[in-house]
1. Please specify each residue of the stretch 36-91 satisfying the condition of being touching a Leu at 6+ places or on another chain (Cβ under 8 Å) and either at pLDDT 95 or above or more than 24 Å from Leu121 (Cα to Cα) (or both).
2. Kindly indicate which of Ile54, Ile46 is under 28 Å from the mean Cα position of the chain (by Cα), outside any loop (DSSP other than H, G, I, E, B) and among the β-branched types (Val, Ile, Thr).
3. Which members of the stretch 18-43 meet the condition of being surrounded by 10 or more Cβ atoms within 10 Å (Cβ to Cβ) and assigned to a loop (DSSP other than H, G, I, E, B)?
Amino acid sequence: MSENIRSKESAVKSSSDLPPPRDRKGIRPVSPPLSNTPLHRFNYYIVLFAALAIAFYAWRLLQWKAEVGGWWNLALGKRPPGADAVVGAGAASTSPTPSTSTSSGGKPTVEDRINELAAALGMPSKDLAVAIADAVREHVPPASLSSVAAHEPSG
């Protein structure tokens with residue numbers, strides 16, 4: 001057997017080495033799609049499909065116009081002041097607000113960052129600070145908390 005695999009000659013020497021041909025059913029002729037449809041009906045289908053597509057996109061455009069506050073805002077790419085909170089809650093600005101106070105180095109303090117996060121989430125900063133403090137107490141060892149408290153000025 002290994003000789004047959006390695007030989008470069010074919011095992012088929014004549015047509016008598018091949019199996020007999022199979023009896024198959026003939027392939028029936030099939031007409032192309034829409035070949036039996038009259039042209040005027042095909043045109044009506046195309047027009048109906050185009051009208052449905054135009055109606056859908058017009059409806060989406062009107063919905064988009066309503067979200068941004070009118071045709072003028074849509075054309076200029078502007079949004080009304082409250083649209084950021086409604087339309088893109090996840091796309092809130094990442095730059096710090098000018099009303100936040102920063103330390104002397106120009107970097108926002110932890111309290112400033114908590115206030116910004118609370119404003120972005122739309123919740124009171126005190127509730128967020130309490131939730132963060134609870135999570136820190138659960139996951140930080142007590143010895144670390146006491147050493148941080150010793151070095152932190154009480155205020």
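The values are calculated or read from the model by the stated rules, or taken from the named source; none is laboratory data. The structure presented is a predicted model; accordingly, all values stated were derived computationally and were not measured. All Cβ positions, even for glycine, are placed from backbone atoms using ideal geometry, and neighbour counts span all protein chains on display.
1. Phe42, Trp64, Lys65
2. After ruling out the rest, the residue left standing is Ile54.
3. Scanning the stretch 18-43 gives Leu34, Thr37.
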